[in-house]
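Provided herewith is a single structure, encoded as structure tokens, for subsequent inquiry.
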Amino acid sequence: MTTATQSAEITTTVKRRSPLAETWDNLRRSWAGMLGLTLIVVHILIAATSPYWVPQDPYQMSADNRNELPSAEHIFGTDKLGRDVFSRSMLGGRVTLVVTLIAIAIAILWGGLLGILLGLLNGRADELIMRLVDAMLSIPWLLLLLIIISVMGTEMWVQTLTFGFTYGILTIRVARAATLDFVTSEFVLSARARGERKRTIVMKELLPNVRDVLLVDGSMNWSWMLLGFTSLSFLGFGVAPPTPDWGFMIAKNREIMAIQPWSVFGPVIMLSTLIIGINLFSDAFAKALGLDRSQGAPV
Amino acid sequence: MSDCLVDVNDLTIGYYTQRKKLVHVLMGVNLQIKPGETLGLVGESGCGKSTLGQAMMGYLRSGSQVLGGSVFFGEHNVFSLNSKQLESIRGRQIALIPQNAGDSLTPTLRVGKQILEAIELNANLSGSEAKDRMIELLGQVRLPHPEVMGERYPHELSGGQQQRAVIAMALAAEPEMLILDEPTTGLDVTTQAHILNLLRDIVSEMGTAMMYISHDLGVIARVSDRVALMYAGEIIEDTDVVEMFRMPAHPYARGLLESIPRLSLSGIPNSMPGQPPIPGTEPGCSFAPRCKFTSDICISEQPELEAIQGTEHHVRCHNWEQVLATDFSQELEQVFRTISRAAHDESAIELSEVAITYYRPGITDRFRSESEPPATVSDITLSVKRGETLALVGESGSGKTTIVRTLAGLLPAKDGTIKFEDFDLSVEVDKRPREICKDIQLIFQNPDASLNPRQNVAEILDQPLKLYFPKMNRDERRDRQIELLERVRLDGRYRLRYPGQMSGGEKQRVAIARAFAADPEVVLCDEVTSALDVSVQAAVLDLLADLQQERHTTYIFIAHDLAVVKAIADRVAVLYQGRLCELGTVDEIYSPPFHPYTETLLGAILVPDPDHEPQLLASDTPELAPPATGCSFQRRCPYTLGEICEQEIPPWQKTASRGDHSIRCHISIEELKRMYKDKELIRLDHNEHLENEPQIVHANSNVSISSPEADDR
């Protein structure tokens, strides 16, 4: 179809560039992607360094300064207990970021590999596990998270594993679907006809081709996971007080929203800038990798 | 000028890359098409022929722009029209028929409804008038039972029938011109011959002008009045069809014609060195780096498209006089290289009564009393001798890919035995010992799909080396990679390239190198050249022949192109619906007596000769499943004897007391010989026969038992 352009490109791209540099080049050309990446980086920097520079002690309560509106001293005002909302907003993403980042790595790893393997086997095990996955997905996700966490407790590592596990279930489907595009392709048939082991086929033939899809899917899932974690905090199953956390702050300060709206706006602004940043980045990242949703299937 | 329907004037089209570099696609193209004329536009992939075809309809690929020149359709300069005005031309005065008809039909609408839309939009008819016109059109493209066909959905039609429906749609407004972009590529030879006949008839009936774009010179020779040859975005020769094939004046035209395998000549055709440049990058003639007539002027100065001594024969070459000095037909005979092979008498692989099925009963099927459908491949008994090339020949659905995949261990055999060095190959690959896997290697049709895009050549070649020679260390493997690349005539530096950085021919060489990395006894070649351009195909055939001579490798070669088979094979097995029809050496198969199916196939071949006319024996209706009893070819056979063919499996008959040539048919050998002699008497009228074609393609037919081959094209 694109015969004319293809052959021209073949000869021009002989100049070798690593795929990573190529992706970065494409990403740099998208202002939305760069904005997203900047937001994410700023958030990570804030999370990492905020304890050292926030203007007020985020734990310091003050009976005299409760529900104060923004002032020079308290940029976002204070909450019900007189704590500085700005400082707490800055620190509020620390636990969230650590938990979700580790969890997303776990999800990609186990969900991705299992999904690829199921796509390759495509037999009874695949059938069985996929029905199990369907069954899991039919449970409302918040309910599923709540059940696991109320049984296992609210320690950070439990939450990390829980999120890694539940979002891995979503990743299985994505990885399996992406793998099915390649399983019948001739290079996989060729490896099978050579008598290669399943492990080699998964690691050498399939994973490099599915990797991009997994990365993009992971970054999209990250924003969902942030919302999930914040929702749990909002319901009181997240970070134990008094550690500042966006979800918990929104839940508690909601009561004084009419008097001191900034006590809610602070964490909301932080959370939404991060999620918008992740979404902008994910979209641009997908395009940079050539997985543009508007252009159909990844190849 | 004014008597031209289409006048392309000095058209230059290009696009900017992401790094703001200008890349030309077309370079100063001049082309005129007169009303009622059929122009064949021919060239290899990437030469810009599709871009030119689309430009004639005022369409540019996104990102491309007109850098100079104009396209006039009648009075209109198509690139100065607004979209409303363009719409009034497209479809009504000029219509496009694309390559893949299945993609251009909407799957959720009935075929008749889609044609009705075209009629209502472009021909201003409505209601019952439009309906009558729709049925008339379906009849005009010779679809049987037009009223019934209109009620079907696209997937209920075969590939050839879909293409006919698309042609009907294009004819709705009786356009003055049709642009056909490779409309028969991917169809079976018999279907292709039928469609081309139809197009010829339509053109002569309706006086429509036609531009036929194709890379296949046999097709071009069949349909065209005039041929324009493109190379690197330029038209380099433009002349009458007979001149083009008998007295080509451009060295590239000669090279291209010499690289096509021919039925009339034996051996492997000549291959051209090098590959086309990006248009507009050569200071002189774009073909100069590959040309054997190159002189100083060719490198410094671009040749113009000039007429040869006042004739209508135009050529873009400084040295055409020198080229024309040698007679082309003599030159052609000299370039074919005959290969000598010493095939052993011992057999490498022996198949006996092999049957293969895709039917996998589900849990509920086991409780039903329905009988199992006939196996996709059945009753295959043949032996492949060491060091020979056996070709499996047949249309799509004939089971050739199925057999090869079974030999490769990707599918188990249902019945029968396949013997290879005392080992039974009827089991799948994970039940075979590693040495057996090593000895049988597979090369696929499409090198784009058979190489992992995420591995470079070194990694690709490393895989079989690591698997079969675990004792090799890194350096040894590296040396072996370079050696393998050199054996397939690639530079050792290709190790670091990724598939996306190589041309189709180079990729296929890497795929061949990967197969030979295992040092195999048997190489299975599944349509290895059909995705390649003709000049590249010749080089790959040449390479395969050389590799075979060095190692006495056995080839099992699948091809649908019978000229390619003639060039490379020693023996041929003709298959229809997974059953053998005829078996013999190349010479025996290509000369009478023929099995009726072999005769049908051979009759439908298009050769690059404008005087050749294909003989259409049987209809082109494909069958999705073999018949339950009797001869597999019974439903399409032009000579069917009736009941005996429907009931009994025909016997093998030897054609001579010596040799292995055998035909599986109820008609006796003497009769087949006699029939061939006075075949003019019994040849059925083509139209009449189509009316009687069997209705097989149906929505409820069991698709799961059809072979995957249909999708492979």
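Ignoring everything except DSSP H segments at least 4 long, calculate the 222 nm mean residue ellipticity for chain B; use -39,500 (n - 2.57) per segment, divide by total residues, nearest 500. Kindly include the intermediate steps, with their values, before the conclusion.
On the way: 29 runs with 245 residues, N = 713.
Computed ellipticity for chain B at 222 nm equals -9500 deg cm²/dmol.
Among bridges DSSP assigns within chain B, what percent are antiparallel (round to 5)?
Of the beta bridges lying entirely in chain B, close to 60 percent run antiparallel.
Enumerate the amide H contacts of B:Val227 below 5 Å, restricted to partners 5 or more residues apart or on another chain; note that Pro and chain-start residues carry no placed amide H.
Placed amide hydrogens put B:Gly40, B:Thr239, B:Asp240, B:Val241 under 5 Å from B:Val227.
Okay, next question. With labels modelled as points extended 7 Å from the Cα through the Cβ direction, what inter-label distance (nm, one decimal) is found for B:Glu147 paired with B:Phe423?
About 6.2 nm, to one decimal.
If each DSSP helix of 4+ residues adds -39,500 (n - 2.57) and the sum is divided by the residues in chain A, what number results at 222 nm, nearest 500 deg cm²/dmol?
Result for chain A, helices only: -23000 deg cm²/dmol.
Also: Please compute the net charge surrounding B:Arg579, taking Lys and Arg as +1 and Asp and Glu as -1 over other residues with Cβ under 10 Å from its Cβ.
Net of charged neighbours comes to 0.
Let me have the relative contact order for the range B:101-172, percent, based on Cα pairs under 8 Å that are six or more residues apart.
Details: 92 pairs, mean separation 34.5, N = 72.
RCO, the range B:101-172: 48 percent.
Mind checking the range B:218-250 for trypsin sites (Lys or Arg not before Pro) that DSSP puts in a loop (not H, G, I, E or B) and that have at most 11 other Cβ atoms within 10 Å?
Answer in residue order: no site qualifies.
For labels at A:Glu22 and A:Leu81 in the simple 7 Å Cα→Cβ model, what's the distance in nm?
5.4
Counting protein heavy atoms only and a 1.4 angstrom probe, how many square angstrom of accessible surface do chains A and B bury in total, to the nearest 100? Could the numbers behind the result be given before it?
Numbers: alone 16360 and 30770 Å², together 43730 Å².
Result for this pair: about 3400 Å² buried.
So with the 1.4 Å probe, I'd like the accessible area per residue for chain B, rounded to whole Å².
For chain B, the solvent-accessible area averages 41 Å² per residue.
Which of B:His661, B:Ile418, B:Leu392 sits closest to the plus end of the dipole of chain B, meaning its Cα is farthest towards the positive end, when Lys and Arg get +1 and Asp and Glu get -1 on the C-beta?
Looking along the dipole axis, the top candidate is B:Ile418.
Work out, step by step, the length gained on full extension between B:Arg493 and B:Asn473: first 0.36 nm times the residue separation, then minus their alpha carbon distance; give nm to one decimal.
Contour length minus the Cα-Cα distance gives 5.2 nm.
Work out the mean other chain Cβ neighbour count within 10 Å for the residues of B:40-53 and drop it here as an integer.
The per-residue average across the peptide is 3.
Right, something else. The range A:80-122: which trypsin sites (Lys or Arg not before Pro) are DSSP loop and have at most 16 other beta-carbon atoms within 10 angstrom?
Those that pass, being in a loop and sparsely packed, are A:Lys80.
Give a residue-ordered list of calculated ³J(HN,Hα) values for the range B:94-100 (Karplus: 6.51 cos²θ - 1.76 cosθ + 1.60, θ = phi - 60°; whole Hz; x for Gly, Pro).
9, 10, 10, 10, x, 5, 9
Let me ask something else. State to the nearest 20 debye the size of the charge dipole of chain B about its Cα centre, where the only charges are +1 on K and R beta carbons and -1 on D and E beta carbons. Please report the intermediate quantities before stating the final value.
Values: 70 positive and 103 negative charges, 462 e Å.
Magnitude of the dipole: close to 2220 debye.
Which value, in debye to the nearest 20, gives the size of the charge dipole of the range B:491-581 about its Cα centre, when Lys and Arg are +1 and Asp and Glu are -1 at the Cβ?
200
Now a separate question. Under 8 Å for C-alpha pairs, at least 6 residues apart: give me the relative contact order for the range B:258-335, rounded to a whole percent.
Result for the range B:258-335 is 22 percent.
Among the listed pairs B:Lys49/B:Lys566; B:Lys466/B:Lys507; B:Lys21/B:Lys49; B:Lys438/B:Lys471, which have their C-alpha atoms separated by more than 26 angstrom in this model?
Too far apart for the 26 Å limit: B:Lys49/B:Lys566.
Continuing with the same structure: Multiply the residue gap between A:Met156 and A:Tyr59 by 0.36 nm, knock off their C-alpha separation, and tell me the result in nm, one decimal place.
Result: 32.9 nm gained on full extension.
Report the FRET efficiency, 1/(1 + (r/R0)^6), for B:Ser70 and B:Asp546, where r is their Cβ-Cβ distance and R0 is 51 Å, rounded to 0.05.
On the way: r = 49 Å, r/R0 = 0.97.
After rounding, the FRET efficiency stands at 0.55.
Please find the FRET efficiency linking B:Ile297 to B:Glu613, where r is the Cβ-Cβ separation and R0 is fixed at 41 Å, and quote it to the nearest 0.05.
0.45
Hey, another quick one. If one takes the longest principal axis of the Cα atoms in chain A, at what angle in degrees, from 0 to 90 and to the nearest 10, does the Cα axis of helix A:124-138 lie?
The angle comes out at about 20 degrees.
Would you kindly calculate the mean projected area, averaged across all directions, of the convex hull enclosing the Cα atoms of chain B, in square nanometres?
34.4
Here's another thing I want to ask about it. Distance in nm between label sites at B:Thr106 and B:Asn9, each 7 Å beyond Cα in the beta-carbon direction?
Using points 7 Å along Cα→Cβ, the separation is 3.9 nm.
Just to confirm the number: angle between the C-alpha axis of helix A:156-183 and the first principal axis of chain A, 0 to 90 degrees, nearest 10?
It is inclined by approximately 30 degrees.
Which of the peptides A:252-261, B:138-147, B:459-468 is most tightly packed, and how do the rest follow, going by the mean number of other Cβ atoms within 10 Å of each residue?
B:459-468, B:138-147, A:252-261
Taking Cα pairs under 8 Å and at least six residues apart, what relative contact order does the range B:126-268 come out at, in percent?
Dividing the mean separation by the residue count of the range B:126-268 yields 15 percent.
Further, regarding this structure: Could you let me know the centre-to-centre spacing of the range B:567-646 and the range A:183-230, using Cα atoms, in angstrom?
Each part's Cα centre sits 45 Å from the other's.
Helix A:31-53 versus the longest principal axis of chain A: what angle, 0 to 90°, nearest 10, using Cα atoms?
50
Let me spell out the model: positive unit charges on the Cβ of Lys and Arg, negative unit charges on the Cβ of Asp and Glu, origin at the Cα centre of the protein assembly as shown. What dipole size does that give, in debye rounded to 20?
Computed about the Cα centre, the dipole is about 4120 debye.
Where in the range A:173-199 does accessible area fall by at least 30 Å² between the isolated chain and the complete protein assembly, at a 1.4 Å probe radius?
A:Glu186, A:Phe187, A:Leu189, A:Ser190, A:Arg192, A:Ala193, A:Arg194, A:Gly195, A:Glu196
The values are calculated or read from the model by the stated rules, or taken from the named source; none is laboratory data. This structure is a prediction, so every number in the text was calculated from the model and none was measured. Don't worry about glycine lacking a Cβ; one is built from the backbone with ideal geometry, like all the others, and counts go over all protein chains shown. Heads up: the accessible areas ignore ligands, DNA and RNA and are worked out on the full protein's heavy atoms, side chains in. Shrake-Rupley method; radii C 1.70, N 1.55, O 1.52, S 1.80 Å.
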